[in-house]
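See below for the structure under consideration.
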Amino acid sequence: MLVLRPNCECCDKDLPPDAADAMICTFECTFCRDCATTRLAGRCPNCGGNLVERPIRPADKLAKFPGSTERVLKPQGCGKAA
Ligand SMILES: [Zn+2]
Ligand SMILES: [Zn+2]
């Protein structure tokens, strides 16, 4: 099951579980679409893997399996613009 981290690692933008612009790598490093495309060119800066759209967990499942509230922020890996 996905952890569903609540924010972008680069810019700290809120990415709630229903965010349509959340992107993740295979380890679930989480970024907003803006950072994923403009800063990271579709590659995770932590593991080098590709970033894909995070699936949206349906609201009824979210009540039973809520997303993480633990924010992860690593702007140093996100290029000079950070
Ligand atoms: Zn971002
Ligand atoms: Zn990664």
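For the pair ASP12 and ASP60, what calculated FRET efficiency results from E = 1/(1 + (r/R0)^6), where r is the Cβ-Cβ distance and R0 = 30 Å, to the nearest 0.05? Numbers along the way, then the final one.
Numbers: r = 29 Å, r/R0 = 0.96.
Computed FRET efficiency for ASP60 and ASP12: 0.55.
Normalised by 2.2 N^0.38 Å, where N is the number of residues, the alpha-carbon radius of gyration of region 42-82 equals 1.57. Over the chain, DSSP H runs of length four or greater, each weighted -39,500 (n - 2.57), average out per residue to a 222 nm ellipticity of -1500 deg cm²/dmol. Accessible area per residue for the chain, computed on protein heavy atoms with a 1.4 Å probe, is 59 Å².
For THR69 and ARG43, what is the calculated FRET efficiency with R₀ set at 25 Å and r taken between the beta-carbons, to the nearest 0.05?
On the way: r = 27 Å, r/R0 = 1.07.
After rounding to 0.05, the efficiency reads 0.40.
Within the chain, what whole-number % of the accessible surface is contributed by carbon and sulfur, with the 1.4 Å probe and all protein chains included in the calculation? Show your work: numbers first, answer last.
Values: 2690 of 4860 Å².
Accessible surface attributable to carbon and sulfur in the chain totals 55 percent.
log₁₀ I(q)/I(0) of the chain at q = 0.18 Å⁻¹, via Debye over equal Cα point scatterers, no solvent, to two decimals? Values, matching the q order: -0.65.
The values are calculated or read from the model by the stated rules, or taken from the named source; none is laboratory data. The shown structure was predicted, so the numbers you read here are calculated from the model rather than taken from an experiment. A quick note on method: Cβ atoms are made from the backbone with ideal geometry, for glycine too, and the neighbour counts reach across all protein chains shown. When the accessible area is computed, the model is the full protein with side chains, heavy atoms only, and any ligands, DNA or RNA have been set aside. Shrake-Rupley method; radii C 1.70, N 1.55, O 1.52, S 1.80 Å.
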